[in-house]
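K.L.:
I have a structure here, written as structure tokens, and I will follow up with some questions on it.
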Amino acid sequence: MTKKKAIITAVCCVVAAALLLGGVFAAAKLRQPPVNVYPLDNLAMMGDYIGGGSTYGYVRSDRVQAVYLSETQEVTVIHVAEGQTVKEGDPLLDFDTTLTDLQLQKKALEVKRAEQQLQNARDEYNEICNYRPYVPYVPPAPEPEPEPEPEPQPEPQPEPEPEPQPEPEPGPDDPDGPDDPDGPDDPGEPDDPDEPDTPDEPDNPDEPDTPDEPDNPDEPDTPDEPDNPDEPDTPDEPDKPDEPVRPDDPSDPKIRTYRIVGGKGTAEEPYLCAYAESMTFSNEFLSTVLNGAKTAFIVFARCEGDLAKGNVTSAYGMCFEEKEKTGSSFAFFDASDRVGKPLIQEDEPQDEPSDEPSWDPGSGYTWSEIQKMKADKLIEIRDLDLQLRITETAYKEMEKEIGSSTIYAEFDGVISTVGDPDTSYMMNEPVLKLSGGGGYYIEGSVSELELDTVTPGQPVMIQSWESGMTYTGYVDSVSDYPSQMRGWSDGNNNVTYYGFTVFVDGEANLRENEYVDMRIGSGDGGEGSSGSFYLEKPFVLQESGRSYVYVMNTEERLEKRELVTGRELWGSYIEILGGIDMEDNIAFPYGKYLREGAKTKLSTLDELYSIM
């Protein structure tokens with residue numbers, strides 16, 4: 001073969017191998033299963049559910065005194081006019097009240113009831129947080145039937161080797177053997193040997209002499225028999241003592257005397273004594289039952305057929321008491337509830353543990369349902385918390401009202417408003433307002449997760465709980481130290497909260513100690529805005545400091561999509577600010593078939609959590 005032909009052959013082999021490998025990889029791609037994708041709107045948690053920059057706070061007035069009337073107050077005298085300058089301590093108005101101590105007590109009960117409702121809602125929220133998503137039942141795969149073992153084949157036996165023929169013995173004249181291998185020569189017959197001589201018989205010896213017999217000895221004299229002694233008198237037999245009454249052998253199914261089958265001898269757990277008809281009670285029996293105790297409760301029962309496990313036919317109870325001076329005493333008590341059933345209730349047999357793994361369906365709710373339940377419960381907690389604070393504020397106002405009938409100026413200032421009492425009450429406006437050049441400060445709190453969204457000078461939308469009116473305030477200061485007060489914020493009880501103060505102009509109709517809603521920020525889509533949503537961390541992939549997910553594109557193929565992320569929440573969620581929206585379907589879990597261009601299959605959350 002020439003060199004040129006060798007090169008052509010090698011190139012052809014390489015091309016053929018490449019085509020073969022390409023075909024193998026193409027076939028492998030065709031065999032890859034589609035990747036499951038899930039609707040994002042079922043996986044995401046909206047920012048509004050967990051705070052969205054919303055909190056609440058209470059109002060503290062600064063050199064602004066607003067006087068509101070209640071339904072139980074009736075103004076009798078107004079001592080000032082609009083624009084009048086007053087000094088601290090000057091009377092502003094007098095009123096009569098129809099409020100009673102009974103109404104104040106009812107309001108106190110409302111406060112207690114609101115506290116209990118709030119605590120119950122918090123407990124329910126904690127329970128929901130422990131729910132696990134529903135996992136549908138997947139029957140276990142049947143065990144494969146064992147393959148029949150092959151029948152053992154008999155081992156082959158080796159063929160027997162032929163027995164070797166013995167070599168002929170060499171003759172006496174030819175020690176090396178005969179030359180002719182066909183056979184030896186016939187030997188001659190040997191001469192007959194001489195027969196041995198027979199010995200002579202010996203002579204008969206003399207017989208030995210027989211010895212003489214000895215003389216018989218004299219027989220001894222027989223002794224005289226002794227006289228018979230007098231027989232002793234037979235003693236009288238002692239009286240046989242009464243056998244003590246002893247309890248039965250527990251192994252005997254039949255009751256012979258009595259048997260203590262249970263109990264501790266107390267009033268709650270009396271001794272249980274099954275006895276036979278022939279049973280008699282004695283001091284010894286009482287001592288056995290008391291066993292050193294001063295008091296013992298015991299139930300005596302007759303059982304069907306005198307069997308220890310038979311149903312009770314009759315029963316009564318007795319209380320024995322041992323006293324030092326008067327001895328034993330007893331009293332009866334009712335034990336008829338034992339009749340008709342065994343004296344000893346045997347435990348029900350427990351089911352034997354199964355080797356098959358038990359199926360745990362979880363809470364019965366899907367992941368999205370659990371998230372919705374948590375969000376709804378947080379809103380309920382918020383409403384109950386607000387209702388509690390409103391009730392507490394009303395109770396404090398009633399305490400002030402019932403203790404005084406005159407309202408005095410709290411500082412030097414100018415009367416800015418004097419209204420009609422009836423109209424002011426109907427419109428929920430102050431009947432009188434004293435201004436000293438100040439305004440209202442609202443104390444709120446924010447969690448450490450949202451602390452960077454609150455800065456001095458930032459506008460804040462304020463909404464009154466009582467009147468429903470809205471005002472604009474501005475963040476006055478943010479504390480550097482943790483606060484004991486917890487606002488609505490993100491509803492997380494495991495983070496630190498910091499206080500902040502919002503200032504509102506004195507022209508606003510706010511009331512001392514009332515509560516207001518506050519929404520921080522302008523709602524332009526930045527961090528903490530209601531336009532964001534949250535995903536659990538396992539759904540977000542990280543690579544070189546960037547976050548991304550795989551989504552299904554319009555051709556139902558996987559497409560890698562980079563995300564714009566915000567803050568983390570509760571250690572489990574990450575805020576998504578851009579890159580995907582609620583119309584997308586994202587892939588999960590991330591397995592070996594995850595790649596761009598892979599086929600997809602739209603699946604449900606039930607399928608997702610059945611494999612997690």
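Values in this text are rule-based calculations from the coordinates and carry no lab data. Since this is a predicted model, take the numbers as computed values, not measurements. Every residue, glycine as well, gets a Cβ built from its backbone with ideal geometry; the counts of neighbours run over all protein chains shown.
K.L.:
Using the Karplus curve 6.51 cos²θ - 1.76 cosθ + 1.60 with θ = phi - 60°, work out ³J(HN,Hα) for each residue of region 317-323 in order, rounded to whole Hz, and write x for Gly and Pro.
P.N.:
Karplus-based 3J(HN,Hα) across region 317-323 equals x, 9, 10, 9, 9, 9, 10 Hz.
K.L.:
List the residues, sorted by chain then number, that are 5 or more residues from Leu343 or on another chain and whose placed amide H is less than 5 Å from its amide H.
P.N.:
Amide H neighbours of Leu343: Val312.
K.L.:
A further question on this structure: Each residue of region 259-270 in order: what ³J(HN,Hα) in whole Hz does its phi give by Karplus 6.51 cos²θ - 1.76 cosθ + 1.60, θ = phi - 60°, with x for Gly and Pro?
P.N.:
8, 7, 10, x, x, 10, x, 9, 5, 6, 10, x
K.L.:
Go through region 64-72 residue by residue and turn each phi into a ³J(HN,Hα) via Karplus (6.51, -1.76, 1.60, θ = phi - 60°); whole Hz please, and just put x for glycine and proline.
P.N.:
9, 10, 10, 10, 10, 9, 9, 6, 9
K.L.:
If packing is taken as the average number of other Cβ atoms within 10 Å across a peptide's residues, how do 371-384, 440-453 rank, most packed first?
P.N.:
Details: 371-384: 17.1, 440-453: 20.4.
Descending packing order for the listed peptides: 440-453, 371-384.
K.L.:
Using 0.36 nm per residue, how much length does the chain from Leu109 to Glu277 gain when fully extended, once their Cα-Cα distance is taken away? If you can, show how the numbers build up before the last one.
P.N.:
Values: separation 168, 0.36 × 168 = 60.48 nm, distance 6.38 nm.
Length gained between Leu109 and Glu277: 54.1 nm.
K.L.:
Tell me, in nm to one decimal, what length is gained between Tyr590 and Asp505 on full extension, where the rule is 0.36 nm per residue of separation less the Cα-Cα distance? Each step should come with its number before you reach the end.
P.N.:
Working: separation 85, 0.36 × 85 = 30.60 nm, distance 5.51 nm.
Full-extension gain reported as 25.1 nm.
K.L.:
As a quick test, which of the pairs Lys106/Lys433; Lys372/Lys601; Lys294/Lys341; Lys106/Lys400; Lys107/Lys377 have an alpha carbon distance above 22 angstrom in this structure?
P.N.:
Details: Lys106/Lys433 30 Å; Lys372/Lys601 26 Å; Lys294/Lys341 30 Å; Lys106/Lys400 16 Å; Lys107/Lys377 26 Å.
With Cα atoms farther than 22 Å apart: Lys106/Lys433; Lys372/Lys601; Lys294/Lys341; Lys107/Lys377.
K.L.:
With labels modelled as points extended 7 Å from the Cα through the Cβ direction, what inter-label distance (nm, one decimal) is found for Thr455 paired with Ile402?
P.N.:
5.0 nm
K.L.:
Compute the relative contact order of region 401-487 as a whole-number percentage, counting only Cα pairs closer than 8 Å that sit 6 or more residues apart in sequence.
P.N.:
Numbers: 80 pairs, mean separation 19.1, N = 87.
Relative contact order comes out at 22 percent.
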